[in-house]
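Every number here is computed from the coordinates shown, using simple stated rules; none is lab data. All of these numbers come straight from a predicted model, not from anything done at the bench. All Cβ positions, even for glycine, are placed from backbone atoms using ideal geometry, and neighbour counts span all protein chains on display.
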Amino acid sequence: MTRGRADTGWRHRRSIASRVLAATVGCYAGAALASAALARALVALSLVPRVDAVLWTSLGSFALYAAGALAVFGAATATRAWVGLGCVALASAAILVLPLPGPG
Amino acid sequence: MHGHFRQSMAWLHTWCGLVCGWLLCAVFLTGTLSVFREPITRWMQARPVLQAAPVGDAATAAALAQAVRHLGRLAPDARFWRIELPQQPGDALLLAWRTARAAGQAALHPATGEPLPEPWGRATEGGRHFMSFHYMLQWDALGYWVVGGVSMGMLVALVSGVAVHRRIFQDFFTFRRGKGPRSWLDAHNLSAVLPLPFLFMIVYTGLAIFYTGYMPWPLQAVYGTDDAAFRRYQAELSHDGQAPLRRPRTGQPGALHDLAPLLRQAQRLTGQPPRMAVVEQPGDRNATVRVLGPRERASRTLRNPVSSVAFDGTTGAVLQVQSPEPAAARAGEQAHQAMEALHFARFGGWTMKWLYFFSGLLGTAMVASGLVLFAAKRRQKRGDAFGRATGAVYRAVEALNVAAVAGLCIACVGFLYANRLLPADLPGRAAWEIRAFLALWLLAPLHAACRPAERAWTEQLGAAALLCVALPLLNLATTGQQFVGYARAGDWQRAGVEIATVVFGLALAFAARQARRTRLRGHAPVRARSRAGAVAP
C-alpha cells in the first residue's frame, strides 16, 4: 500500500497479491464461516427462531465480508491480515463442529 | 498509524474502484434503465394502437368469451391459459398458453374478440434484457457471480471512499471547472456524495436479496445440507401465509365458468382492478381460475403484494383470496421483502421511479468519473507502478474506460436499433437483439484500443449521441410510429422512452464536444517528467 523506501519490487507485489487473495477468497470464506457459526449459535442458545437466525445472519454477512476486506487492506502487514482471518475462521469452525442442537 | 490507514484506504479505493469500475458502469446503467423496463418493452414491441379499445375489465364479456373459445380451439390440453387485460388505451387482449410440448400466444381485439394479425408486435426481450444483463450479464451463473463480485467491490470502494474523504459537506458545493484531474475529482465527489445513501442502499440490497445464492452457508449450517433443506426453510419462512393451492387434474371434463363475473368479483374482493386471468388445468373438472391484480400501484407501504383471487373454474366458488394489504410476516422476512421492494423500486409509483432513475444515473456518473479521474491523473504524472509495462497498462486502462462508458451507451441504444432493424418475422429475433447488444459492447474496447484514447472518446460518445438523437427517425422509418403520435394517443410510456433517449443523446453530444475541445486544446498526454514520484492515490 504505502510505497516506502525501495520496496517497489517483487516483495511489494507479493504483499499486494496476498492481500487481494485474502480480501476476496479469504474474506468470503471468513464471512461464510462466521455467519454460519453465528446462525448456529443463535439457534443453540434459543435466542431467536431458527428461520430468523438464518435470515438475519445471511443478510448481515455481506457487511461482515466488506468489513473484512477493508480490515485486510488496513492491516499493517499481509501476514497480520491472514492471521486475523485465520483466527475468525478457526473460532467459527469450532462453533460449527461443536455438538450443538443443529440441523434437523 | 492514522496516516497509514488513510493511505491504505486510498490505495484500496483507487484500485478496487478501477478493477470493478468497468463492469460496474454496465451494471449501473442497465440497472438504471431497468427501472423503466416496462415502458421500454412497450416501445420495443411496437404494437399498433387499436381504435376504440376499452381498458381493463371493461374488455367486454363477449371478448372474454371469445378468448376462451379461441384458447379452447388452439390449446385444449394446455397446462394453463393466460389472458392479459388491456392496461392502456389501444392495448389488445393478449392470450398465452403452455402445453406439455409447446407454448403459444395470440392477440384479440378487446371490444370484439376478433383475432388480430400475427405476430402482434415484435417478439422481444424488451426492457427485461437490461434487467437480466444487470444481474447476470446474460452469462448465466457465471455472470451472476461476477456481478456479485463487483457489487462487493463497489461496497468496499464506497466505504473506503468515505474513509479517505475529508470534507463531505463542502463537496456538495465544490466544482472547479476546466482544471483537468481537479475537475474530475470534484465531479466524482459530487456524483458520489449527493446520492450516497441511495448508493449504499442499492448495492447492499442488491447483494442481500440474493442471500440464498450468494451466502447459503448460514442456511446450511442450521437446516442441513441435504436437497430438502431449502424447502424446509421456505416452508417455515412462509408459515404465516397460505399454503399454495394444489388442484391436480382429475381427468373428468368440466365446463369453464364465465370469466367476466369472476373478474368483477375479484375486483370487489380485493379492491384492485384485475390485470390478468390465469386458467390452470383448463377443460378439467378441477380447473382453477386465478385473477391477479396490478403489479404496481400507488400505495403508502413499502411491501405491496400482488392481490389475487383463486376461483373454482367450474362452479366459480372462491377458493383463496390474497389481499393486497401486506400480511403480518415475521420480522426477518419483512426485512427481506422490504429490501426487495427497495431494490426493485416497487413502491411510490412513477415519482419514485424517476427518483431511482436519476439516482442511478448519478451512480453511473460516479463510476465513470472515477475511471476518467484515474486516467487523467496518470496522464499528468505517469509514475512507474508497473515498471516498464506502465505505459501499456495505462493505455489499456484508457481504452477500457472509453468502452465501459461510451461503448456501453452505444450498446444500449444499439439494442433499440437492432429491435427496429431486424425483420419482425425473423425466427429467434429476441435472441438476435441481445446478440447485437453484446457484440457492440464487446467491439467497443477493440475500437478504443485501435484509436488514440482522446479520439476514441470523441468518436464513441459522438456515435452514441447520434444514435440516440436519431431514434425517433428510425422508429418513423421502420414502424411509422414516433413520439408525437404516442403522446397524442395518450401513450406517455412509449413517448417517454423516445424523448428520454433524445435528451440523453443531447447530453452525450455535449460530452463528445467537450472531449473534442479538450483534445484540440492540446491537453495531450503530458510526458511524465519525474519518474521518481509515487503513484498518487
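Run the helix sum for chain B: -39,500 (n - 2.57) per DSSP H stretch of 4+ residues, divided by residue count, reported at 222 nm to the nearest 500 deg cm²/dmol.
On the way: 21 runs with 308 residues, N = 537.
For chain B, the value works out to -18500 deg cm²/dmol.
Amide H neighbours of residue B:107 under 5 Å, at least 5 residues apart or on other chains, H built in the peptide plane: list them.
B:95, B:116
Before anything else, pin down the relative contact order of chain B: Cα pairs under 8 Å, at least 6 apart, normalised by residue count, whole percent. Intermediate results must be reported in sequence, preceding the final value.
Numbers: 862 pairs, mean separation 93.1, N = 537.
Reported relative contact order: 17 percent.
So if R0 is 22 Å, what FRET efficiency would residue B:297 and residue B:98 give, r being the distance between their Cβ atoms, rounded to the nearest 0.05?
On the way: r = 27 Å, r/R0 = 1.25.
Efficiency computed from Cβ-Cβ geometry: 0.20.
To the nearest 20 Debye, how big is the dipole of the range B:360-481 about its Cα centre, given +1 on the beta carbon of each Lys and Arg and -1 on that of each Asp and Glu? Walk me through the intermediate numbers first.
Values: 12 positive and 6 negative charges, 108 e Å.
Here the size comes out at about 520 debye.
Using R₀ = 60 Å, calculate the FRET efficiency as 1/(1 + (r/R₀)^6) where r is the Cβ-Cβ separation of residue B:212 and residue B:506; round to 0.05.
Step by step, r from the Cβ atoms, then E = 0.90.
Per-residue HN-Hα couplings for the range B:124-135, Karplus 6.51 cos²θ - 1.76 cosθ + 1.60 at θ = phi - 60°, whole Hz, x for Gly and Pro?
7, 6, x, x, 4, 4, 4, 5, 5, 5, 4, 10
Using only Cα atoms, what is the ratio of the radius of gyration of the range B:328-417 to 2.2 N^0.38 Å? Mind showing how you got there, number by number?
Numbers: Rg = 20.0 Å, N = 90, 2.2 N^0.38 = 12.2 Å.
Taking N as the residue count of the range B:328-417, the ratio is 1.65.
Of B:490, B:393, B:503, which is farthest towards the positive pole of the range B:365-517's charge dipole, taken about the Cα centre with +1 and -1 on the beta-carbons of Lys, Arg and Asp, Glu respectively?
B:393
Below 22 Å, Cα to Cα, which lysines can residue B:353 reach? Residues fewer than 8 away in the same chain don't count.
Those lysines meeting the cut-off do not exist here.
Say R0 is 35 Å: what FRET efficiency, to the nearest 0.05, do residue B:238 and residue B:439 get from their beta-carbon distance?
Numbers: r = 43 Å, r/R0 = 1.22.
Calculated value: 0.25.
Kirkwood hydrodynamic radius, chain B, all distinct C-alpha pairs: what's the number in Å?
After inverting the pairwise mean of 1/r, the radius is 26.1 Å.
Below 8 Å between Cα atoms, with a sequence gap of 6+, how large is the relative contact order for the range A:17-104 in percent?
On the way: 79 pairs, mean separation 40.6, N = 88.
Reported as a whole number, the value is 46 percent.
Taking H placed 1.01 Å from N in the peptide plane, check which residues at least 5 places from residue B:275 or on another chain put their amide H under 5 Å from its amide H.
Placed amide hydrogens put B:292, B:293 under 5 Å from residue B:275.
Take residue B:499, project a point 7 Å from its Cα along the Cβ direction, then tell me which residues of the range B:337-378 have their backbone nitrogen under 19 Å from it.
B:349-359, by backbone N distance to the label point.
How big is the dipole moment of chain B about its Cα centre under a simple scheme where the beta carbon of each Lys and Arg is +1, that of each Asp and Glu is -1, and everything else is neutral? Debye, nearest 20, please.
Details: 57 positive and 31 negative charges, 486 e Å.
With only Lys, Arg, Asp and Glu charged at Cβ, the dipole is about 2340 debye.
Please report, in debye to the nearest 20, how large the charge dipole of the protein assembly as shown is about its Cα centre when each Lys and Arg carries +1 at its beta carbon and each Asp and Glu carries -1 there.
On the way: 66 positive and 33 negative charges, 600 e Å.
Value, rounded to 20: 2880 debye.
Can you compute 3J(HN,Hα) from phi for each residue in the range B:309-325, using the Karplus curve 6.51 cos²θ - 1.76 cosθ + 1.60 with θ = phi - 60°, rounded to whole Hz and x for Gly and Pro?
Each residue of the range B:309-325 in turn: 10, 9, 10, 5, x, 9, 8, x, 6, 6, 9, 7, 10, 9, 6, x, 7 Hz.
Is the shape of the protein assembly as shown rounded, prolate or oblate, going by the alpha carbon gyration tensor and its root eigenvalues a ≥ b ≥ c, with a/c under 1.5 for rounded and a/b larger than b/c for prolate? Don't skip to the end; give the middle numbers.
Working: a/c = 2.53, a/b = 1.36, b/c = 1.86.
Because a/c hits 1.5 or more and a/b fails to exceed b/c, the protein assembly as shown counts as oblate.
Can you list the residues, at least 5 places off or on another chain, whose amide H is less than 5 Å from the amide H of residue B:320, using H built in the peptide plane?
B:310
With θ set to phi - 60°, apply the Karplus curve 6.51 cos²θ - 1.76 cosθ + 1.60 along the range B:190-200 and write out the HN-Hα couplings as whole Hz, x wherever there is a Gly or Pro.
For the range B:190-200, the Karplus curve yields 4, 6, 8, 6, 4, x, 3, x, 4, 4, 4 Hz.
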